[in-house]
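Here's the structure we're looking at; comments come further down.
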Amino acid sequence: MSSAEPRAHGRPGRPVAGSDAAAPIRRLLRTRPAESVLHRALADTAYLFRGDDYPQRLAEAAAGTQVPVTTGRRIAVVGTRGGAGRSTVAALLARIYAAMRADTVAAVDLAPGAGTLALRLGVPHAPPLETAAARLQAEAPDSLHGLAALLTAAGPANLLVTGRRRPALNAVSGNPAPPTSAAWTPAGPLVPPVWTPGGPAPGSGAAGEEPGRNVPDGASRISRAISRYCPITLFDCGAGLTDPGVLWAVENSHAAVFVTPASVAGVEDALEYAAAWRRLPGISGVPLLILVAQPAPGGSFSASREAGRLRRAGIDAVHLGHDRHLAAGVEVRSSLLSRRTRLEAATVASRVLSAACAPETRPRAESATDRNMR
């Protein structure tokens, strides 16, 4: 039995009483600011006695989020490790773009069965991508209003979200089906082999044979429908780059953000994948921005310093420091972020959109049908 009452698509569902044991603690955590009351009071007092150029710096950092977007731009948020902050970054970018723009932004959860994007955006009971795709099969939207009816509005009306993906069930037992050799992608099942930094391109065959995705039109149609009415679409991808679903998302995106923790393993991942990114035909033309996230306050590694190391190695990298509000793992509210985090997040959002809007940026997987819809 579903844990949410029946509802119209495009509107957040209300949990049935007693069905969500975590709701009280989520309500508590989502109102906890990144900075304590005492810290803010002391900071406000200090600003009375000295000039504060923070509003100007924040406006300058966020200016890039308001650039005109004439055709739909898709941004894939990826990473090799669960818990690195991938969904947090996707939700944060979605919030910033929706807040700074008058047009509509979409955030699509592609994580296999355990995504938290809708939770981070305050609509945990949003219908999954599969539901939207099924309804789209029956009737294609002919307006933004029609598209909004397929998805869920998350706070501001100009932010549309898909919920946690529905796991495939065994036809006999009704239990989640065990993984098979055919991995799920938003465009349908795709049989491995899949890509690793030292391995061959996914789907590659004999020499001279072009790798292919064999995309069914159901999921590719919903991706095009979203891009038709939403100038910015964010894909929150599953952990790991060996999943064909992630590769599908990247190949169909105009920019990718690789989220990695400030740690030895995280920096090694960034170096390894950044080098391999340039060699893989399917994604080498997609701009890649490495985002080094600070998983905990203090520690031996600094996200800022590690991002600087990557830049000195010729890799485009930015950082996002630890934020107590973001670390709570619940709904992201921009007003509760620390001043430093707001500035860093605005800078990242501007950099990402600038890369996605570069004139030469075009997904390799973009078809003639995509271009004809513009």
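If you add up the charges near residue 299, with Lys and Arg at +1 and Asp and Glu at -1, over every other residue whose beta carbon is less than 14 angstrom from its beta carbon, what do you get? Taking every Cβ under 14 Å from that of residue 299, the sum is 0.
Restricting the calculation to Cα atoms, region 262-321 yields a radius of gyration followed by a Dmax of 11.9, 39 Å. Solvent-accessible area of residue 54, all protein chains in place: 20 Å² (probe radius 1.4 Å, heavy atoms, ligands and nucleic acids excluded).
Taking 0.36 nm per residue of sequence separation and removing the Cα-Cα distance, the residue 56/residue 300 pair yields an extension gain of 84.6 nm. Under 5 Å between amide hydrogens, built in the peptide plane, is the criterion, and for residue 319 it picks out 292 among residues at least 5 positions away or on other chains. For residue 223, the solvent-accessible surface computed with a 1.4 Å probe is close to 20 Å², ligands and nucleic acids excluded.
The values are calculated or read from the model by the stated rules, or taken from the named source; none is laboratory data. Worth saying up front: this structure is predicted, and the values here are computed from it rather than measured. Don't worry about glycine lacking a Cβ; one is built from the backbone with ideal geometry, like all the others, and counts go over all protein chains shown. The accessibility values were calculated without ligands, DNA or RNA, using every heavy atom of the protein model including side chains. Shrake-Rupley method; radii C 1.70, N 1.55, O 1.52, S 1.80 Å.
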